[in-house]
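Inspection log for the structure reproduced underneath, given as structure tokens.
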Amino acid sequence: MAGEFNAGLLLGTRSRMVVALLVSVGLATVGADALNSLNVFFVTQNLDAASCKYGTLEMALGNGLVGRHGAARAVHRGGRSARSARSTPVSRWSAC
């Protein structure tokens, strides 16, 4: 078992692709965690909301990511080009 572990470590340190991937994932994780930590203070101090509303903010951010990918698929399936989708007024797409 130790031999397999050592082989994996050697692969991770010798391959430039794996090292670049690990560094990129590490930096993205640190950045995301820093923003999550700052969002708590943003909700409580700037928005003057209770700290229990932090979950609502995270839910909205998550829905935005899901909605963005869903909208891209819908535009792609609808046959519209990216240029016409960007020039469409936001009020036309909103549900309100």
field: Which numbered condition GLY62 misses (of (1) over 13 Å from the mean Cα position of the chain (by Cα); (2) surrounded by 10 or more Cβ atoms within 10 Å (Cβ to Cβ))
entry: (1)
- request: With respect to THR13, determine if the residue is of a type in the set (S, T, N, Q) and either over 30 Å from MET59 (Cβ atoms) or in contact with a His (Cβ under 6 Å, 6 or more places away or on another chain) (or both).
  value: yes
- prompt: Which one of these is under 30 Å from GLY55 (Cα atoms) and surrounded by 10 or more Cβ atoms within 10 Å (Cβ to Cβ): ALA34, ALA7?
  reply: ALA34
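Each value in this text was obtained by applying a stated rule to the coordinates, not by laboratory testing. Predicted, not measured: the structure shown is a model, and the values here were computed from it. Note: ideal-geometry Cβ built from the backbone for every residue, glycine included; neighbour counts use all protein chains shown.
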